[in-house]
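The values are calculated or read from the model by the stated rules, or taken from the named source; none is laboratory data. Predicted, not measured: the structure shown is a model, and the values here were computed from it. Positions of Cβ are generated from backbone atoms using ideal geometry, with glycine treated the same way; all protein chains shown enter the neighbour counts. Note: accessible area is taken over every heavy atom of the protein model, side chains too, but ligands, DNA and RNA are not part of it. Shrake-Rupley method; radii C 1.70, N 1.55, O 1.52, S 1.80 Å.
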Amino acid sequence: MSPTTTALLLWLFVIFLGTAFGAGVYEHRVVLPRWVETAGDSGGHWNADAARRDDTGRRFWAYVTTVPLTLLTLVNLWAAWQAPAPLRTWWLIAAGVALVERVFTFSYFIPTMVGLMNAADTPASVASAVRWSSFNYLRHVLALTAWLAALRTFALFYQHRPPFGS
């Protein structure tokens with residue numbers, strides 16, 4: 001693979017991982033509290049109307065992670081296998097952790113949220129939303145780990161490559 005192609009894959013991977021991590025934390029801290037309320041004596045409430053109004057899955061995540069980050073993860077995993085030793089380890093860690101996060105997202109987060117968006121405000125839906133929110137911390141850790149490993153790969157790549165224009 002050419003150095004330019006390698007650089008492009010790493011640039012895109014780092015940018016999309018960083019965006020996914022930052023947006024995930026934003027959604028968790030700012031948007032999610034509108035969907036599920038856990039404070040108070042009532043035991044909590046699930047607001048499916050607010051989740052449907054926001055519809056972050058189709059309005060944002062589909063364009064940032066569902067399709068692009070998933071494809072970038074697979075392509076970067078393939079590229080990492082072919083990379084020289086200094087890059088290979090960190091790149092495989094980044095792509096492997098991102099792959100785990102993608103599998104977790106497709107197998108649990110997306111189906112659960114699709115179900116919740118059509119759920120009534122019941123104790124079961126509140127419990128499901130709270131569990132989804134709690135598992136989301138693990139997803140943030142995975143995204144951050146993949147992003148930091150990708151940044152390390154990126155740094156190693158530029159340590160062994162002359163700057164652009166040289």
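Just to be sure before I move on: is Phe104 surrounded by fewer than 17 Cβ atoms within 10 Å (Cβ to Cβ) and of a type in the set (Phe, Trp, Tyr) in the structure I sent? In short, yes. Of all residues in the stretch 40-53, those being at positive phi and either open to solvent by 40 Å² or more (accessible area, probe 1.4 Å) or among the basic types (Lys, Arg) (or both) number 2. Evaluating Glu37 against the criteria (1) surrounded by 13 or more Cβ atoms within 10 Å (Cβ to Cβ); (2) at pLDDT 95 or above leaves one unmet condition, (2). Tell me yes or no: at least one residue of the stretch 73-85 is under 20 Å from Leu142 (Cα atoms), surrounded by fewer than 16 Cβ atoms within 10 Å (Cβ to Cβ) and not aromatic (Phe, Trp, Tyr). Scanning the stretch 73-85 turns up at least one residue that is under 20 Å from Leu142 (Cα atoms), surrounded by fewer than 16 Cβ atoms within 10 Å (Cβ to Cβ) and not aromatic (Phe, Trp, Tyr). Taking helices (runs of 4 or more DSSP H) as the structural unit, those lying wholly within the stretch 5-116 and holding at least 1 residues that are in contact (Cβ under 8 Å) with a residue 12 or more places away in the chain, farther than 29 Å from Ala129 by Cβ and among the polar types (S, T, N, Q) correspond to 70-82.
Of all residues in the stretch 129-147, those being surrounded by 15 or more Cβ atoms within 10 Å (Cβ to Cβ) and either free of Cβ contacts under 8 Å to residues at least 40 places away in the same chain or among the aromatic types (Phe, Trp, Tyr) (or both) number 2.
Within the option set Ala120, Ala124, Ala94, being within 15 Å of the chain's Cα centre (by Cα) and either surrounded by fewer than 14 Cβ atoms within 10 Å (Cβ to Cβ) or at pLDDT 95 or above (or both) holds for one residue only, Ala94. Annotation for the stretch 25-32: at least one member residue is at negative phi, of a type in the set (Lys, Arg) and modelled with pLDDT of 95 or more. Against the condition in contact with a helix residue (DSSP H, G or I) (Cβ under 9 Å, 6 or more places away or on another chain) and either open to solvent by 40 Å² or more (accessible area, probe 1.4 Å) or among the hydrophobic types (A, V, I, L, M, F, W, C) (or both), how does Thr56 come out, does it pass? Answer is no for this residue.
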